[in-house]
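Accompanying notes for the structure given below.
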Amino acid sequence: MIGRHKFLGFAAMSLSLTSIITAQANMFSYDARYPVGSPISITVTATGSAFGAANIVSIHYTGLAGAGLFAINPPQHGTNLAACVDLSRFFTSSGPFSYQVWYAYGRAGGLASLLPSINLSDPAQAAGFQIALWEIAYDSYNNPSNDNLDAGNFRVLDTDTTPLAKYYASVYLSVSRTFNLTGPYFYLRAAGAAQHQDLILVPYVPEPASLLALGVGVAGVALRRRRRA
C-alpha cells in the first residue's frame, strides 16, 4: 500500500502494544519459513504504482487509506516493488528502514503471482490488489473461505473508496480462491525500533539457484521424453 502511510501516521500511535503484537503474529507466523541473509536497509516511497483510496475498517485502523504499491531502494531479490501487510504501524518518512527478509509461502504469494496481469497505472486496479492483500493478511491467510470485504477483521466501505477498487479486489480474491493460488514470496519483517510497516516483495522472483534447479529439472524431463521417443 502506499498513500496509506500518510493517513495513518498519527492515528496508529494510539494503538495499544497488545494490539500491535497481535497484528504481527497471524500471517507472518503462518507463512514464514526462514530468514534470508542479514537485515537490510531500504528507503520506501509511494511511487511504485498509481494510488487509489480505500475507506477501511480494521482491528488496527479505521478511516481513509491510500492503497497502491511502494517503491523500495535498493531493489531486493529482483524487484523494487513492495506492498503493505501491516495496518498497525506507519511510515513518517522515506527512511532508511531496517528489515529482516524472510522466505515465506502462502496465499499472499499466490495473489502476488497475479501482479503481471494487473495494470498498476490504473488506481482502481492497483488499489484493488492492495485491498485484496490486506484481506488475506487480516482474514483469510489460512482459509480462503474467510474472504469477505464486508465482514471480519478487515472491511472496505463503499463510500469514499476509489470506484471499482473494491470490485477488482473481489475479482483478485475470487481468482485466488477458485484456483487455490498459493506460492512463495519474501516477507519484510520490520527490524530495529520497528515503527514502520511490515511489507512483502512483489512479485516473487526466484533466486538464481532456484532457477538453475528448475532449469535442470526441465532439461531432465525433456531428456527422458526424447529417450522414450
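The values are calculated or read from the model by the stated rules, or taken from the named source; none is laboratory data. In this text, all values refer to a predicted model and were calculated from it rather than measured experimentally. Cβ sites come from the backbone with ideal geometry, for glycine too, and all protein chains shown count toward neighbours.
Taking (1) among the aliphatic types (A, V, I, L, M); (2) part of a loop (DSSP other than H, G, I, E, B); (3) surrounded by fewer than 18 Cβ atoms within 10 Å (Cβ to Cβ) in turn, residue 149 satisfies each apart from (3). Taking segment 66-121 as the region of interest, the strands (runs of 3 or more DSSP E) fully inside it that hold 1 or more residues being at pLDDT 95 or above and more than 15 Å from the chain's Cα centre (by Cα) are 70-76, 97-106. Within segment 107-117, is even one residue buried (at least 16 other Cβ atoms within 10 Å of the Cβ) and touching a Cys at 6+ places or on another chain (Cβ under 9 Å)? The answer is no; no qualifying residue exists. Within segment 98-117, residues that are within 15 Å of residue 134 (Cβ to Cβ) and in contact (Cβ under 8 Å) with a residue 24 or more places away in the chain sit with their Cβ atoms under 6 Å from residues that are β-branched (Val, Ile, Thr) and part of a strand (DSSP E or B), at 6+ positions apart or across chains, in these pairs: 108/200. Checked against (1) touching a Leu at 6+ places or on another chain (Cβ under 8 Å); (2) modelled with pLDDT of 95 or more; (3) part of a loop (DSSP other than H, G, I, E, B); (4) not aromatic (Phe, Trp, Tyr), residue 38 passes all but condition (1). Could you please tell me which pairs satisfy a Cβ distance under 9 Å, a separation of 6+ or placement on different chains, a first residue in segment 190-210 that is buried (at least 18 other Cβ atoms within 10 Å of the Cβ), and a second residue that is at pLDDT below 70 and outside any loop (DSSP other than H, G, I, E, B)? Taking only residues 6 or more apart or on different chains, the pairs are 190/24; 196/5; 197/4; 197/5; 197/8; 198/23; 198/24. Taken over segment 152-183, the residue count meeting the criterion of being surrounded by fewer than 20 Cβ atoms within 10 Å (Cβ to Cβ) and either in a strand (DSSP E or B) or of a type in the set (Val, Ile, Thr) (or both) is 8.
Scanning segment 132-172 for residues being of a type in the set (A, V, I, L, M, F, W, C), under 21 Å from residue 32 (Cα atoms) and touching a residue at least 60 places away in the same chain (Cβ under 8 Å) gives a total of 4.
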